[in-house]
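Q: This is the structure I want to talk about, given as structure tokens.
The values are calculated or read from the model by the stated rules, or taken from the named source; none is laboratory data. The structure presented is a predicted model; accordingly, all values stated were derived computationally and were not measured. Every residue, glycine among them, receives a Cβ derived from its backbone with ideal geometry; neighbour counts consider all protein chains shown. Accessible surface areas use protein heavy atoms only, side chains included; no ligands, DNA or RNA. Shrake-Rupley method; radii C 1.70, N 1.55, O 1.52, S 1.80 Å.
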Amino acid sequence: MAQKHKQKAPSKGLHPRNPHRARYDFDKLIQSCPELSPFVEKNPYGDLSVNFSDPAAVKMLNRALLSHFYSVSYWDIPAGFLCPPIPGRADYLHYIADLLADSNGGKIPKGKTIKGLDIGTGANCVYPIIGHRVYGWQLVAADIDPISIKSAKFIVDSNPSLKGGIQCRLQKNPDHIFTGMINDNDLFDFTLCNPPFHTSLEEAMAGSARKVKNLKANSEKKGGHNKAGLKNTRNKGSKQEVLSHTMGAKKTVLNFGGQKAELWCPGGEAAFIKRMITQSSEKATQCFWFTTLVSKKDNLPAIYKQLKKAGAVDVKTIDMAQGQKLTRFVAWTFLSNEQQELWRKTRWVK
């Protein structure tokens with residue numbers, strides 16, 4: 001396995017091409033999505049914002065962002081499903097574009113000939129939406145949950161700007177990641193994945209409780225509370241809190257929702273990624289870059305060990321900064337230098 005290259009995130013946070021680096025312009029967002037208006041009010045700093053501990057407000061903000069920045073006229077998700085922060089999702093895709101450019105003489109491959117696979121797209125279909133709208137890529141949105149695929153497909157079919165750019169595939173075997181999603185005639189320039197983080201529902205809820213406690217303590221320290229007892233987070237264009245707390249009910253809920261496959265699996269993130277690496281070697285010549293987010297930095301040594309065992313030729317770790325949160329994704333390829341050059345000439349050079 002080649003040396004692991006590590007790329008650091010820009011010191012100022014989100015990727016330079018990420019349109020969400022600036023503060024949200026709520027006047028413009030409301031113009032794009034009038035339904036957002038009732039959720040916008042001044043926070044304790046005197047800035048317009050939304051209550052990031054309110055799932056309905058976060059969902060409507062996402063709808064406005066997708067409408068304003070990506071020309072998505074319809075977007076919705078079923079109750080209880082993951083509602084992700086748009087800025088962070090966009091960041092991952094911009095860094096993937098840089099990854100492709102690094103293998104293409106510094107030029108980002110764009111257009112419908114470039115194909116990506118989103119493992120675990122969820123009901124929200126956000127990664128494929130942004131990838132197609134920003135770079136013109138063709139995306140396959142894959143998931144093991146029929147409701148998620150039905151929702152993602154409805155979003156795609158409801159938006160003229162997405163038709164022909166996103167294909168939804170249901171993974172019928174929960175033990176498989178790439179089998180059935182990468183067919184015999186498929187070639188993918190990249191894959192992406194936001195793997196399940198926790199090992200169980202109990203762990204997910206315990207983590208949520210800790211974060212809510214920390215948020216509340218931080219709010220009390222700085223002053224200013226909203227009706228839920230949590231501060232209205234000052235918008236910096238890169239942060240959406242992922243929790244809400246049902247005050248007085250002794251119950252913690254995940255603000256962005258999430259079903260079992262989205263939040264936890266046996267062995268958690270480390271086990272899922274190790275399984276992904278093993279199965280990726282079976283599709284070694286059908287994808288240039290396999291990638292996955294890695295939330296827990298402590299999982300990296302085991303991931304590198306598994307990549308070496310699987311025979312990865314090159315491995316890169318790309319750091320990303322989203323507000324105060326630092327995260328990363330790992331990318332690997334099984335293609336030799338000669339195979340990479342042939343891939344570039346046949347698929348990327350116009």
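Q: For the stretch 314-334, check the following and say yes or no: at least one residue is surrounded by fewer than 19 Cβ atoms within 10 Å (Cβ to Cβ) and touching a Phe, Trp or Tyr at 6+ places or on another chain (Cβ under 6 Å).
A: No - not one qualifying residue is present in the stretch 314-334.
Q: Take the residues in the stretch 318-350 that are assigned to a strand (DSSP E or B) and within 14 Å of residue 277 (Cβ to Cβ); name whichever of them is farthest from the chain's Cα centre (by Cα).
A: As a first pass, look at the stretch 318-350 and keep what is assigned to a strand (DSSP E or B): 318-322, 325-333.
Checking which are within 14 Å of residue 277 (Cβ to Cβ) leaves us with 329-333.
Working: 329: 11, 330: 14, 331: 15, 332: 18, 333: 20 Å.
Filtering the stretch 318-350 for residues that are assigned to a strand (DSSP E or B) and within 14 Å of residue 277 (Cβ to Cβ), the one farthest from the chain's Cα centre (by Cα) comes out as 333.
Q: So, in the stretch 44-80, of the ones that are closer than 18 Å to residue 148 by Cα and open to solvent by 20 Å² or more (accessible area, probe 1.4 Å), which residue ends up modelled with the lowest pLDDT?
A: 80
Q: I'm checking my understanding of the structure. Among residues of the stretch 34-43 that are touching a residue at least 24 places away in the same chain (Cβ under 8 Å) and assigned to a helix (DSSP H, G or I), which one is surrounded by the most Cβ atoms within 10 Å (Cβ to Cβ)?
A: 36
Q: Going through 97, 101, 123 one at a time, which residue ends up being closer than 25 Å to residue 164 by Cβ and without any contact (Cβ under 8 Å) to a residue 12 or more places away in the chain? I'd like the intermediate steps shown before the answer.
A: Values: 97 fails: without any contact (Cβ under 8 Å) to a residue 12 or more places away in the chain; 123 fails: without any contact (Cβ under 8 Å) to a residue 12 or more places away in the chain.
Answer to the selection: 101.
Q: What are the residues in the stretch 117-146 that are of a type in the set (Gly, Ala, Ser) and either assigned to a strand (DSSP E or B) or within 21 Å of residue 347 (Cα to Cα) (or both), if any?
A: 131, 136, 141, 142 - these are the residues of the stretch 117-146 that are of a type in the set (Gly, Ala, Ser) and either assigned to a strand (DSSP E or B) or within 21 Å of residue 347 (Cα to Cα) (or both).
For every residue, the table says whether it meets (1) over 16 Å from the mean Cα position of the chain (by Cα); (2) among the aromatic types (Phe, Trp, Tyr).
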site	(1), (2)
54	yes, no
69	yes, yes
80	yes, no
109	yes, no
112	yes, no
129	no, no
139	no, no
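Q: Of everything in the stretch 17-33, what is part of a loop (DSSP other than H, G, I, E, B) and either open to solvent by less than 90 Å² (accessible area, probe 1.4 Å) or modelled with pLDDT under 95 (or both)? Give them in sequence order.
A: Matches in the stretch 17-33: 18, 19, 20, 21, 22, 23, 24, 25, 33.
Q: On the basis of being open to solvent by less than 10 Å² (accessible area, probe 1.4 Å), under 30 Å from residue 345 (Cα atoms) and touching a helix residue (DSSP H, G or I) at 6+ places or on another chain (Cβ under 8 Å), does residue 114 make the cut?
A: The answer is yes for residue 114.
Q: Now a separate question. In this structure, does residue 288 turn out to be more than 15 Å from the chain's Cα centre (by Cα) and at pLDDT below 95?
A: Working: more than 15 Å from the chain's Cα centre (by Cα): yes; at pLDDT below 95: no.
So residue 288 fails the test.
Q: For the stretch 147-159, give me each residue that is part of a helix (DSSP H, G or I) and not β-branched (Val, Ile, Thr).
A: Once the filter is applied, which keeps residues that are part of a helix (DSSP H, G or I) and not β-branched (Val, Ile, Thr), the stretch 147-159 yields 148, 150, 151, 152, 153, 154, 157, 158.
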